[in-house]
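Since the structure comes first, as structure tokens, the remarks are kept for the end.
The values are calculated or read from the model by the stated rules, or taken from the named source; none is laboratory data. Quick caveat, the model's predicted, so the values are computed rather than measured. Reconstructed Cβ throughout: ideal geometry from the backbone, glycine too, with neighbour counts over all protein chains shown.
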Amino acid sequence: MISQRAQSIIPSPTLSIDAKAKALKQKGIDIINFGIGEPDFDTPKNIKEVAITAINSGFTKYCPVPGTLEIKNAIINKLKRDNNTTYLPDEIIVSSGAKHSLYNLFQAIIDPEDEVIIPAPYWVSYTDMVILAGGKPIIINTTDKNNFKITSDLIKKVITSKTKAIIINSPSNPTGVTYCQNELKEIAQVCLENKILIISDEIYEKLVYDNFKFTSIVQAYPQVKDTAILINGVSKAYAMTGWRIGYAAGNKEIISAMTKIQSQSTSNASSISIKAAVEALNGTQEYVEIMRKEFEKRRNYIVERLNSIEGINCIKPEGAFYVFPNISSILCKSFNGKNINSDIEFADYLLNQARIAVVPGTAFGAKGYIRISYATSIENIQKGIGRLENALKNKI
């Protein structure tokens, strides 16, 4: 009854962990949820007010499939202002979230058996989206020893005649690591030489720390503008996860193909959300900076606390709102009579015994790690890390 295509993929592990945590909370159990990748801040007031005005003025009808000219121009202005890159309206498509933009893209460019290079740790949906499109994920494994980064030499080792594209996620989910301009330039050069499309997921670009300067891959190496597709949106930077607005910028033929696919699925993104996103991109950016500074404080605290716990090693990421500590020294030990042999078992132990929700690294293609989101209050972080520490001291 169920198609092989549907059977070939798994539900999003991060959303599954979040659902478990929320189900326990509904039962009255005090859970600290480090599992979900969602800012705990509210959408800025100016953005909400524009959406309310749009509703009251009757902006509730269908829009053009790839987005209104107004939002396309807002995206074009943003890309010029923030990334020093120039695009035209027919090189932009707006979708129902950056995840939707990625899905459309994979459907538009991948033929059966095409290979897509994906650095691990990777965002959980990349591999399954490639498989859904009939492609084959080619994983390049990295560790905290090399700062979770790939190089041009590592890419060259896995290129074949079937290589179609590579995914670069900077800042990264789940690690938070961010590529600098020279690193991106080297990657872009090898991709251009081998005619490999670059999918650059830049959804966390506004959330970088320690005066790190974010660079888009097209900004780093403009020669790849026609073979790179930028993926971005308003979810993370403007605390608008539920509004579902993402976008892609790139080669107009690819954008046109994505538009055809979207026309046969969702049609346009929500008209109200489009109006809100225009305000997010064009309006004041003060709230973004307030949020960024708070995330930086939380990152500094959580990294210091984690590294003070015996058996845990955590690099200090440059961006996003995740840490990805190495817990391999903890595995194959017993806590409270419970044998912990994998990161999956460790995550279960923390949820059931310590009442904190984390995501096992295996979900991201990296065994022996866990992902902790610090997109929650500093009070929750303090309490949650305290519970983690006690769990490892058999005090639960």
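Remarks
- Taken together, the residues in the stretch 112-150 that are of a type outside the set (Val, Ile, Thr) and in contact (Cβ under 8 Å) with a residue 40 or more places away in the chain amount to 16.
- Of the criteria (1) within 20 Å of Leu281 (Cβ to Cβ); (2) surrounded by fewer than 22 Cβ atoms within 10 Å (Cβ to Cβ), which one Gly97 fails: (2)
- Conditions (1) in a helix (DSSP H, G or I); (2) touching a helix residue (DSSP H, G or I) at 6+ places or on another chain (Cβ under 9 Å); number of the one not met by Gly37: (1)
- Some residue of the stretch 57-69 being part of a strand (DSSP E or B) and out of contact with any His (no Cβ under 8 Å at 6 or more places or on another chain): no
- For Leu388, the requirement of being on the phi < 0 side of the Ramachandran plot, among the aliphatic types (A, V, I, L, M) and modelled with pLDDT under 95 is not met.
- The strands (runs of 3 or more DSSP E) falling completely within the stretch 289-396 that include 3 or more residues that are farther than 28 Å from Cys180 by Cβ, more than 20 Å from the chain's Cα centre (by Cα) and not assigned by TED's automatic domain parsing to the domain that holds Tyr238 map to 333-335, 338-340.
- Meets criteria (surrounded by fewer than 20 Cβ atoms within 10 Å (Cβ to Cβ), out of contact with any helix residue (DSSP H, G or I) (no Cβ under 6 Å at 6 or more places or on another chain) and not polar (S, T, N, Q)) for Pro222: yes
- Of Glu49, Glu115, all but one fail to be of a type in the set (Asp, Glu), within 28 Å of Met291 (Cβ to Cβ) and either at pLDDT below 95 or in contact with a helix residue (DSSP H, G or I) (Cβ under 9 Å, 6 or more places away or on another chain) (or both); the exception is Glu49.
- Residue match in the stretch 120-131 (condition: within 25 Å of Gln223 (Cβ to Cβ) and surrounded by fewer than 23 Cβ atoms within 10 Å (Cβ to Cβ)): no
- Residues within the stretch 316-329 that are touching a helix residue (DSSP H, G or I) at 6+ places or on another chain (Cβ under 8 Å), buried (at least 20 other Cβ atoms within 10 Å of the Cβ) and under 20 Å from Lys367 (Cα atoms), tallied: 6
- The one condition in (1) in a loop (DSSP other than H, G, I, E, B); (2) in contact (Cβ under 8 Å) with a residue 40 or more places away in the chain; (3) surrounded by fewer than 23 Cβ atoms within 10 Å (Cβ to Cβ) that Ile203 fails to fulfil: (3)
- Failed item in (1) in contact (Cβ under 8 Å) with a residue 40 or more places away in the chain; (2) over 30 Å from Pro174 (Cβ atoms); (3) surrounded by 15 or more Cβ atoms within 10 Å (Cβ to Cβ); (4) not acidic (Asp, Glu), with Ala21 passing the rest: (2)
- Of all residues in the stretch 204-230 being touching a Ser or Thr at 6+ places or on another chain (Cβ under 7 Å) and among the small types (Gly, Ala, Ser), the one that is nearest to Ile255 (Cα to Cα): Ala228
- Selected residue [closer than 27 Å to Val358 by Cα and surrounded by fewer than 23 Cβ atoms within 10 Å (Cβ to Cβ)] from Asp114, Asp144, Asp90, Asp153: Asp144
- Residue count for the stretch 227-264, restricted to those that are more than 23 Å from the chain's Cα centre (by Cα) and outside any helix (DSSP H, G or I): 1
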